[in-house]
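Read through the structure below, which is laid out as structure tokens, and then see the notes.
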Amino acid sequence: MTDNVEVLIIGGGVGGLTLAQWLTGLGRSWRIVEREAYLGGPLAHSQYVLKWIPGWPAVSGRDYMAAILAGIDTAHCELSGELTQIEMDEIDQGWRCQLSNGRAMRAKKLVFACGAAPVSPFAPAERVIVGPGLQKIAHLQTGHRVLVLGGGDNAAEHALILQEMGCSVVMLVRSALRASAVLAQQLRAAQIDLRVHGDALPLNVSASGVELFGESYDYAAVYYGYQPSTAATVFPLLYGPDQRISRDVFILGDMSGPSYPNILLTQGQAAVVAKQIDHALSGD
Ligand SMILES: Cc1cc2nc3c(=O)[nH]c(=O)nc-3n(C[C@H](O)[C@H](O)[C@H](O)COP(=O)(O)OP(=O)(O)OC[C@H]3O[C@@H](n4cnc5c(N)ncnc54)[C@H](O)[C@@H]3O)c2cc1C
């Protein structure tokens, strides 16, 4: 059986869920297909207090997502699923979509809101932690030697958190610290051991830790930023000969590669996309 919806949203994080709320308000039908078994994306389990959200002075990612989710009809969300196949529906002027959980969907518009993933130049390993997340460092203990790689805000914040947890932290930046002035000041006050490494980084990873420049650490924690998801590029059908995405397909949030990824930008984009879709469907 094929479900018919006006909008199929791929990705149930901040952008996908905000878009769903807007579409509901505009009286449009939608489904979300989310790869994980839960909605909300990486913020759903984040205990960090969020920044850059005026009006929400001390809310954690988890609580912010819970507030958004309270306005969502989760019966319209397919969890633990991904898009596996797309075909153009010439008669209905839409897309026939196959999901990995066996469901089939027909949608007039597709929206990709798959976010971004933290990047690391190192092979995945138990002793190499990649990207921010308190849950990723929760198992570290007092006395652990941790090599923090990266010079941005995430690296600085995690160096401070790890030191507070009682770890012995060495922070390694390629050329200069890029973290905000506030965090740079906190690093100085906390007397974090900050070193510059240049381009070559011959990290030696073993089952019991990492070694670099003759020094041993229990863990390396890598904060080298994010790479926008490429989930749409695996479907060449979505792109025209000029490599531009079809006018029936939208990309929003971190996946659109903003120079300054954040929640408000994503939610603003979701509002704009919702209005564009509503407008287009009214004229369809
Ligand atoms: C730990 C952390 C702290 C942050 N703190 C702040 C902050 O304080 N203030 C701020 O403004 N911003 C913050 N950000 C950034 C902010 O969370 C992002 O800009 C925002 O979540 C982007 O929303 P999104 O919908 O594009 O992506 P996400 O929220 O990442 O959602 C993407 C969703 O798509 C799903 N997905 C991925 N691939 C597929 C696929 N192939 N098929 C189906 N589903 C898929 C993912 O599982 C996820 O649920 C933080 C981010 C993190 C990770």
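Accessible area per residue for the chain, computed on protein heavy atoms with a 1.4 Å probe, is 51 Å².
Taking the DSSP beta bridges with both ends in region 76-216, the antiparallel portion is around 60 percent. Of all lysines in the structure, the ones whose alpha carbon falls short of 27 Å from that of Lys108, not counting any fewer than 8 places away in one chain, are Lys275. Over the chain, Cα pairs under 8 Å with separation of 6+ residues give a relative contact order of 21 percent. Return the carbon/sulfur percentage of the accessible area of region 18-172, one whole number, probe 1.4 Å, all protein chains in place. Ligands and nucleic acids excluded, carbon and sulfur reach 52 percent. Within 10 Å of each candidate Cβ there may be at most 14 other Cβ atoms; applying that plus a DSSP loop requirement, which chymotrypsin sites (Phe, Trp or Tyr not before Pro) in region 51-125 survive? Here the sparse-neighbourhood loop sites are Trp52. Among beta bridges identified by DSSP and lying wholly in the chain, the antiparallel ones come to about 40 percent. Taking the Cα atoms only, what angle lies between the long axis of helix 263-283 and the longest principal axis of the chain, rounded to 10 degrees? It works out to around 10 degrees. Distances between placed amide hydrogens fall under 5 Å for Ile32 paired with Ile9, Cys77, Glu78, all partners being 5 or more residues away or on another chain. Where the centroid of each part is defined by its Cα atoms, how far is region 112-173 from region 179-205 in Å? Centre-to-centre distance over Cα atoms comes out at 12 Å.
When peptides 131-137, 197-203 are sorted by average Cβ neighbour count within 10 Å, with the highest value leading, the order is 131-137, 197-203. For Ser168, the amide hydrogen comes within under 5 Å of the amide hydrogens of Gly143, His144, Arg145, Val146, counting only partners 5 or more places away or on other chains and with H modelled in the peptide plane.
Taking Cα atoms, how many degrees apart are the long axis of helix 14-25 and the longest axis of the chain, rounded to 10 and kept between 0 and 90? Roughly 30 degrees, rounded to the nearest 10. Once the chain from Ala271 to Ala117 is taken as fully extended at 0.36 nm per residue, the excess over their C-alpha distance is 53.1 nm.
A full extension of the chain between Trp52 and Arg127 corresponds to an added length of 23.8 nm, given 0.36 nm per residue minus the alpha carbon distance.
Taking Cα atoms only, the orientation of helix 153-164 departs from the longest principal axis of the chain by about 50 degrees. Surface composition of region 212-258: carbon plus sulfur atoms hold 52% of the accessible area, using a 1.4 angstrom probe and ignoring ligands, DNA and RNA. Straight-line cross-link partners of Lys51 among the lysines, defined as a Cα under 22 Å from its Cα and at least 8 positions apart when in the same chain: Lys136.
The values are calculated or read from the model by the stated rules, or taken from the named source; none is laboratory data. Every value quoted in this text rests on a predicted model; they were computed, and no experiment measured them. Neighbour counts are summed over all protein chains in view; Cβ atoms, including those assigned to glycine, are modelled from backbone coordinates with ideal geometry. Note: accessible area is taken over every heavy atom of the protein model, side chains too, but ligands, DNA and RNA are not part of it. Shrake-Rupley method; radii C 1.70, N 1.55, O 1.52, S 1.80 Å.
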